[in-house]
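Enquirer: Quick one: the structure is below, and I'll ask about it shortly.
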């Protein structure tokens, strides 16, 4: 039963992580690391499949270096700010929703800056 719960939660984490690539404020890396751990503890096949996907090199680098590079953080921050700005300027008309998007973006930026560790070489 535990195995199937881990597989379900791992699949959910991968799905949310993939969505997080395009949605500002939804953390991609922690969700993919969680999925990797869940698959490691439940399904060797799914774990290998995740690590052999296009995301695998990022997971391996994060796990080996124990964090992300300053360049990766900068690119993430710039992309988040760009997408938040585009959303708030061109797509969202409701001021309350704009404020919520900006707050969620600020939380996401704070997580990237202070929670996601820098790589250790």
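The values are calculated or read from the model by the stated rules, or taken from the named source; none is laboratory data. Remember, predicted model here, so these are calculated numbers, not experimental data. Glycine gets a Cβ as well: all are built from the backbone with ideal geometry, and neighbour counts include every protein chain shown.
Every residue, every condition in (1) under 14 Å from residue 27 (Cα atoms); (2) loosely packed, with under 13 Cβ neighbours inside 10 Å; (3) more than 17 Å from the chain's Cα centre (by Cα), yes or no:
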{"site": "71", "(1), (2), (3)": "no, yes, no"}
{"site": "75", "(1), (2), (3)": "no, yes, no"}
{"site": "79", "(1), (2), (3)": "yes, no, no"}
{"site": "94", "(1), (2), (3)": "no, yes, yes"}
{"site": "99", "(1), (2), (3)": "no, yes, yes"}
{"site": "103", "(1), (2), (3)": "no, yes, yes"}
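Enquirer: Let me ask something else. Only helices (runs of 4 or more DSSP H) wholly contained in segment 16-121 count here; list those with 2 or more residues that are closer than 22 Å to residue 5 by Cα and at pLDDT 85 or above.
Expert: 29-40, 44-52
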